[in-house]
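A short write-up of the structure that comes next.
The values are calculated or read from the model by the stated rules, or taken from the named source; none is laboratory data. Just so you know, these numbers come straight off a predicted model, no measurement behind them. Ideal geometry is used to build each Cβ from the backbone, glycine not excepted, and the neighbour counts take in all protein chains shown. We work out accessible area using only protein heavy atoms, side chains counted, and drop any ligands, DNA or RNA first. Shrake-Rupley method; radii C 1.70, N 1.55, O 1.52, S 1.80 Å.
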Amino acid sequence: MSLRFFLDKAKQHHLLTVISDEVDPYLEMAKIISRMEDQPLLFERVRGHHQHVAASVCGARENLALYLGVEMDQLLFILAEALAHPSTPTVVSSGPCQEVVEEQIDLDVLPILTHLPQDAGPYITAAVAVTRDPDLGRNVAFHRLLRMDRSHLVARLVEGRGTDTLLKKSPGDVEVAICIGNSLPVLVAAATSPPPGEDEFRIANALRPTSLLKCRTVNLEVPAETEIVLEGRFTGALAPEGPFLDLTGTLDIVRPGHVIEISCITHRQDTIYQALLPGGQEHKLLMGLPQEPTIYAEVSKVCHCTNVLLTPGAGTWLHGVVQIEKRGTDDGRLAIDAAFRGHPSMKHVVVVDDDIDIYDPQDVEWAIATRFQAERDLVVLGDQPSSSLDPSATHVPGEKTRTSKMGLDATIPWDRPSGEPRSQEQRQAFKRIRYDPGG
Ligand SMILES: Cc1cc2nc3c(=O)[nH]c(=O)nc-3n(C[C@H](O)[C@H](O)[C@H](O)COP(=O)(O)O)c2cc1C
């Protein structure tokens, strides 16, 4: 399964916009991608480069569902199934990603976008990095990569995650394979954080068959249908990384990043380079989507959870809505605590009943307006570990970011303010009355 398969699907469904005018990867392309509101794009003429560039392939939840052949509200469940039952990919002996082996190492052959004048330089943003931990096995994760020179990149590694943990315990060089131009299952799987020791390619393979191919100069495997593979190693050196526009739409700070030296570049014939707009809907969706099943799993331990959504207004990362079929008075509160356990970066969560459409912000607001009493239904948790992406949180270098958190139980209150229980019939008074939609 390849990026091309999904581009073809987008074309079949008249979702793909093909841009045949020449476009500059320096600032102009990012401007166009942001203007097109995350619809799938294919740039056919890129200034200074012969490759095509695909962007915003999965910028909308609806498109992702369409490509995977499921209803939008089923995305959570197919991902949960893949996380629960990963399957080992086949290893093949040859594949399209090695159709061409570049003779020289020159990253400037790639149409790497510079997104904003404030950015530190050109950034590869849709790259999935493959490493092997001696104790835990393969790790696959997104890492944004700043072009340093023709053969070096600087990677942003979030502290405490797979790649960072590997580098901290490895005294020498660490081999890496960087995949650019990936299938949607690979993109989604790379964004998950499964338990240590689980291989994200097994999750991708459970979503759709994803055969692997051994790299040429490093002892790692990559999806055989990847468009471009950069083989190399983390050298142990650090170099400044940032500024860079992050998920929240604010500029991330300059930090020491990890230097990668590239030793081999392979790619498909007629390569399609993949771009991902920093802070765009695709970035947000890929970040948030894999967290929804983990929230669902935690909430399901304490009550009957029916759906979960991380909302785009908060980067599909910091705010969530949890839908439950309430079966006990305290289910809303129990769901709040469990949801924070399921996604520790979440800052605010609203719990609603199953008559509320979690994809409609107005419906969620209506539940808060008509079912929620702050004094009774608001949970505030002070000084909690949280996301490094929230500019309003407390950031101390070398320490976990801290924040206060808020949970709103906007489910129908089963008790009156006096504490006396409401009957089934009395609870019905909280239901929305709708006009007959018929003529
Ligand atoms: C579009 C996108 C960009 C990301 N960029 C980075 C990044 O630059 N650095 C990083 O450490 N994680 C980044 N992540 C998150 C990693 O993929 C995530 O941390 C990974 O799931 C961690 O898994 P691990 O603990 O198995 O390494 C990004 C995720 C997405 C979806």
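Tabulated values for the structure
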quantity: Asp363-Lys11 FRET efficiency (beta carbon distance; Förster radius 35 Å; 0.05 resolution); calculated: 0.55
quantity: Rounded Å value of the spacing that divides the Cα centres of the stretch 79-143 and the stretch 29-77; calculated: 18 Å
quantity: Cα Rg over Rh - the stretch 33-181, Kirkwood; calculated: 0.97
quantity: Whole-Å distance, taken between Cα centres, linking the stretch 240-302 and the stretch 333-350; calculated: 23 Å
quantity: Of Lys347/Lys431; Lys168/Lys347; Lys326/Lys347; Lys168/Lys405; Lys326/Lys431, those spanning more than 19 Å from alpha-carbon to alpha-carbon; calculated: Lys347/Lys431; Lys168/Lys347; Lys326/Lys347; Lys168/Lys405
quantity: Helix-only [θ]222 nm of the chain, DSSP H runs n ≥ 4, -39500 (n - 2.57) each, per residue, nearest 500; calculated: -6500 deg cm²/dmol
quantity: Spin-label proximity, Glu44 to the stretch 251-275 - amide N less than 14 Å from point 7 Å beyond Cα toward beta carbon; calculated: none
quantity: Radius of gyration and maximum dimension Dmax of the stretch 223-281, Cα, Å; calculated: 14.9, 38
quantity: The stretch 285-313 residues near the modelled Arg341 label - backbone nitrogen below 18 Å, point 7 Å along Cα→Cβ; calculated: 291-308
quantity: Estimated Rh, the chain: Kirkwood, alpha-carbon pairs, angstrom; calculated: 23.0 Å
quantity: Listed peptides 407-418, 161-172, 345-356 by packing density, highest first (mean Cβ within 10 Å); calculated: 345-356, 407-418, 161-172
quantity: Heavy-atom accessible surface of the stretch 323-372: percent carbon and sulfur, 1.4 Å; calculated: 47 percent
quantity: Extension reserve of the Val396-Arg216 stretch, reckoned as 0.36 nm per residue once the Cα distance is removed; calculated: 60.6 nm
quantity: Length added when fully stretched, Glu420-Arg35, from 0.36 nm per residue minus Cα-Cα; calculated: 133.2 nm
quantity: Three semi-axes of the equivalent ellipsoid, the stretch 173-325, Cα gyration tensor, whole Å, largest first; calculated: 31, 21, 15
quantity: Taking the chain and dividing mean pair separation by its residue count, relative contact order in percent (alpha carbons under 8 Å, at least six apart); calculated: 14 percent
quantity: Segment Arg255-Glu71, length gained on full extension (0.36 nm per residue, minus Cα span); calculated: 62.2 nm
quantity: Inter-site label distance for Ser170 and Arg432 at 7 Å from Cα along Cβ, in nm; calculated: 5.1 nm
